[in-house]
1. Any residue that is loosely packed, with under 15 Cβ neighbours inside 10 Å, at pLDDT below 90 and farther than 29 Å from P34 by Cβ - is there at least one of those in segment 105-125?
2. Would you check if E56 is under 17 Å from Q189 (Cβ atoms), of a type outside the set (A, V, I, L, M, F, W, C) and either surrounded by 15 or more Cβ atoms within 10 Å (Cβ to Cβ) or touching a Pro at 6+ places or on another chain (Cβ under 9 Å) (or both)?
3. Are any residues in segment 154-198 within 15 Å of Y31 (Cα to Cα), in contact (Cβ under 8 Å) with a residue 40 or more places away in the chain and in a loop (DSSP other than H, G, I, E, B), and if so, which ones?
4. Under the condition of being in contact (Cβ under 8 Å) with a residue 40 or more places away in the chain and touching a strand residue (DSSP E or B) at 6+ places or on another chain (Cβ under 6 Å), which residue from segment 135-153 is surrounded by the fewest Cβ atoms within 10 Å (Cβ to Cβ)?
Amino acid sequence: MSTQTASDFWKAQTEYPFAFTRKRRIYELNYLVPRLAKVAGKRLLDLGCGDGSLLECLLRLTDFEEFHGYDIAADLLRDIDPRIHTAVFDIAQPGELPEVDAAIVAGVIQYVFDDAVVDALFARLTAPIVWVRSTCTLQPQAERVVKDGYASNYRTLPETIALLSRHHQVTAVDRIYPDELESAFGTKQFYFEARRTR
């Protein structure tokens, strides 16, 4: 029920990023661009790319040659720069993923309530390095929010690390947004750098 609520919410989106998300973009670029510059390879996937605005910036700011943007919301993919290969992708019913040298999975796993579905995604994601952004609760246990057609599963920081560590070694955990751009509801955005282990 909750995963379906989250899925329905995102499938219905026709405009993204939201105003508060746009304010965060410069911090995201400042975090990602230097790290992506160290990647050996030329292929990049943004899984959960929304309208592709992050990828379109990275297309201009990095040396990658092949870009892939996958999202559950077909309407958001419609106007993405044609140099970016796009596909509708539902984590709950995944199709093929491209072979890439690095991947970004930003603002995705918090909308998936079933850890087994997240685990299956990361088992199939073969990129040697991935950056995962997820909202985590600061409370001692996960918080699930289902309200007004919106649903999210805010795992704790240790729960998120444990989930990612099933197939990757988490090599860094960073908060990149200033407090004034964070939620006032006891959650924070974290970026996890994770390297494929098997």
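The values are calculated or read from the model by the stated rules, or taken from the named source; none is laboratory data. From a predicted model like this one, the values you see are computed outputs, not experimental measurements. Here the Cβ positions follow ideal geometry from the backbone for every residue, glycine too, while neighbour counts run over all protein chains shown.
1. no
2. Details: under 17 Å from Q189 (Cβ atoms): no; of a type outside the set (A, V, I, L, M, F, W, C): yes; either surrounded by 15 or more Cβ atoms within 10 Å (Cβ to Cβ) or touching a Pro at 6+ places or on another chain (Cβ under 9 Å) (or both): yes.
No: the conditions fail for E56.
3. Across segment 154-198, the qualifying residues are I176, Y177, P178.
4. Step one: filter segment 135-153 for residues in contact (Cβ under 8 Å) with a residue 40 or more places away in the chain, giving 135-139, 143-144, 146, 149-153.
Now drop any that are not touching a strand residue (DSSP E or B) at 6+ places or on another chain (Cβ under 6 Å), which leaves 135-137, 143-144, 152-153.
Working: T135: 21, C136: 23, T137: 22, E143: 17, R144: 12, S152: 20, N153: 24.
That would be R144.
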